[in-house]
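The values are calculated or read from the model by the stated rules, or taken from the named source; none is laboratory data. As the structure is a computational prediction, the values presented were derived from the model and not from experiment. Cβ placement follows ideal geometry from the backbone for every residue including glycine, while neighbour counts extend to all protein chains displayed. Just so you know, the surface numbers come from the protein's heavy atoms only, side chains and all, with ligands and any DNA or RNA stripped out. Shrake-Rupley method; radii C 1.70, N 1.55, O 1.52, S 1.80 Å.
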Amino acid sequence: MATVKRTAIAGGYFLELGSKDIEIYSIATDGSGALKRIDDVQGTIRQLSEAAGIERDYNMSFRQHVARLIQHINGKENKNQ
């Protein structure tokens, strides 16, 4: 069975939610598109959630929160197209 990964680009970051892990990369601002892995996943998710206006629901797991954030970012992006 194929692995489905959810991805989004927001605030200069590339978010990837795989079946086992959450990875975040910062996107180079020089236009090269180079990615640098971010170690502080929770802090970055918190920052992006605040910018998107999404509060953390502690009845959800952290992975569910990240999935919700990615869905929000991609939904917002689709509305702007």
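Report the residue count in the range 68-77 for those that are open to solvent by 100 Å² or more (accessible area, probe 1.4 Å) and either polar (S, T, N, Q) or assigned to a strand (DSSP E or B) (or both).
1
Is it fair to say LEU69 is free of Cβ contacts under 8 Å to residues at least 60 places away in the same chain and closer than 18 Å to THR7 by Cβ?
Against the criterion (free of Cβ contacts under 8 Å to residues at least 60 places away in the same chain and closer than 18 Å to THR7 by Cβ), LEU69 does not qualify.
Name every residue in the range 23-67 that is assigned to a helix (DSSP H, G or I), open to solvent by 50 Å² or more (accessible area, probe 1.4 Å) and out of contact with any helix residue (DSSP H, G or I) (no Cβ under 9 Å at 6 or more places or on another chain), in order of residue number.
Selection gives ARG46, GLN47, GLU50, ALA51, ARG63, GLN64.
Looking at the range 56-63, can you tell me whether even one residue there is farther than 17 Å from ARG6 by Cα, touching a Leu at 6+ places or on another chain (Cβ under 8 Å) and without any contact (Cβ under 8 Å) to a residue 12 or more places away in the chain?
no
Look at the range 1-22 and say how many of its residues are open to solvent by 60 Å² or more (accessible area, probe 1.4 Å) and closer than 19 Å to LYS76 by Cα.
4
Could you list, ordered by first residue, the pairs with Cβ atoms under 7 Å in which the first is in the range 42-53 and within 15 Å of TYR25 (Cβ to Cβ) and the second is crowded, with 17+ Cβ neighbours inside 10 Å, at least 6 apart or interchain?
Listed pairs, sorted by first residue: THR44/TYR13; THR44/ILE24; ILE45/VAL66; ILE45/LEU69; LEU48/ALA10; LEU48/TYR13; LEU48/LEU69.
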